[in-house]
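Beneath this line is the structure, given in C-alpha cells, with notes to follow.
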Amino acid sequence: ARGPCHLSVAGEISTCGRVMNLSELSPVHQTLMAYYRLLMADEGGIPYRRKFNPIEIKTILPKMVLIEHSAPRKAVPRIVGSAVDEFLQASYTGHNLYDLWDDAHGDVMEAFYGTIMKHPCGGWTQRTVKTHYGIVHSYDILLLPFRNRDGDITLTMGTFAMQGAVKTELRFGQPENVELLTVNDQKYLDIGFGVPEPSAERAEGAAGQARV
C-alpha cells in the first residue's frame, strides 16, 4: 500500500509513497526545467509568458506545447511543436482539450491543471494513446505554470517525451480520432513551493473547476 504523500525538496516529484529525483526525468524535461529555473530566478517567482525566449531552448521547441486556460473546462493549446503533431498524427492547436475527453477524464485533468496553477507546482503525467491509424504510443509530459500579460497564472508550458517510432509519411487525422487508452501515472514537481498533500490536491482540484 502506498504511504501518505509528502512535501519534497525543490527539484523532486512527490507522489503517494514515491519521490522521483529530477535526474530521473527525460532529458527534454530536464532541459526545460533548467531554463524555467533561470526564468524564475530572474522574475523572483512564477515567470511571465513574455519572458520566454524560444531561441534559448531551440533544440527542444519541436517537443513543446503552450496551453491557455482561459475559463472553466477550457484548455486550448496555442503552440504545439511539430514533433508532437507528428507523434500524435493530429494537430491539436486551437482545439479545446475538454471537448476531446469524457467527463470523468475532464475532471481528472481539471484537478491536475488546477493544482499546477494554483499551488503552484509542476505537473508530470504519463499516458498511452492510439492514433487514428491504430498505432499505440506512450509518452509523458512535464507542464510548468506561467503568468499571462496581466500577471495571472493561466498558462501551462511543457515538453513531450515520446516513446515509439513516428511515421511521418502518414497523413494527419483529427484530434477526436486519437483515443486515450490509459493514464499510467501522474505526479507533481516541486518548483520551490512544495507539492500538494492528497487532501490539498483534492481541494485545489475542486477550486480549480471554478477557476482554471
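The values are calculated or read from the model by the stated rules, or taken from the named source; none is laboratory data. The model shown is predicted, which means the values in this text are computed figures rather than measured ones. Note: ideal-geometry Cβ built from the backbone for every residue, glycine included; neighbour counts use all protein chains shown. The accessibility values were calculated without ligands, DNA or RNA, using every heavy atom of the protein model including side chains. Shrake-Rupley method; radii C 1.70, N 1.55, O 1.52, S 1.80 Å.
Looking only at residues of region 50-73 that are touching a residue at least 60 places away in the same chain (Cβ under 8 Å) and part of a helix (DSSP H, G or I), we find that the one that is surrounded by the fewest Cβ atoms within 10 Å (Cβ to Cβ) is 50.
Of 137, 132, all but one fail to be assigned to a strand (DSSP E or B) and more than 28 Å from residue 190 (Cβ to Cβ); the exception is 137.
Every condition in (1) in contact with a strand residue (DSSP E or B) (Cβ under 6 Å, 6 or more places away or on another chain); (2) open to solvent by 10 Å² or more (accessible area, probe 1.4 Å) holds for residue 76 except the one numbered (2).
Of the candidates 127, 171, 149, the single residue that is of a type in the set (Lys, Arg) and assigned to a strand (DSSP E or B) is 127. List the residue pairs whose Cβ atoms are under 6 Å apart, where the first residue sits in region 136-154 and is closer than 10 Å to residue 48 by Cα, the second is of a type in the set (A, V, I, L, M, F, W, C) and part of a loop (DSSP other than H, G, I, E, B), and the two are 6 or more positions apart or on different chains. From region 136-154, the pairs are 145/46; 147/46; 153/46. Tell me yes or no: at least one residue of region 100-111 is in contact with a strand residue (DSSP E or B) (Cβ under 6 Å, 6 or more places away or on another chain) and either assigned to a loop (DSSP other than H, G, I, E, B) or of a type outside the set (A, V, I, L, M, F, W, C) (or both). Within region 100-111, none of the residues are in contact with a strand residue (DSSP E or B) (Cβ under 6 Å, 6 or more places away or on another chain) and either assigned to a loop (DSSP other than H, G, I, E, B) or of a type outside the set (A, V, I, L, M, F, W, C) (or both). Taken together, the residues in region 25-49 that are surrounded by 12 or more Cβ atoms within 10 Å (Cβ to Cβ), among the hydrophobic types (A, V, I, L, M, F, W, C) and without any contact (Cβ under 8 Å) to a residue 40 or more places away in the chain amount to 2.
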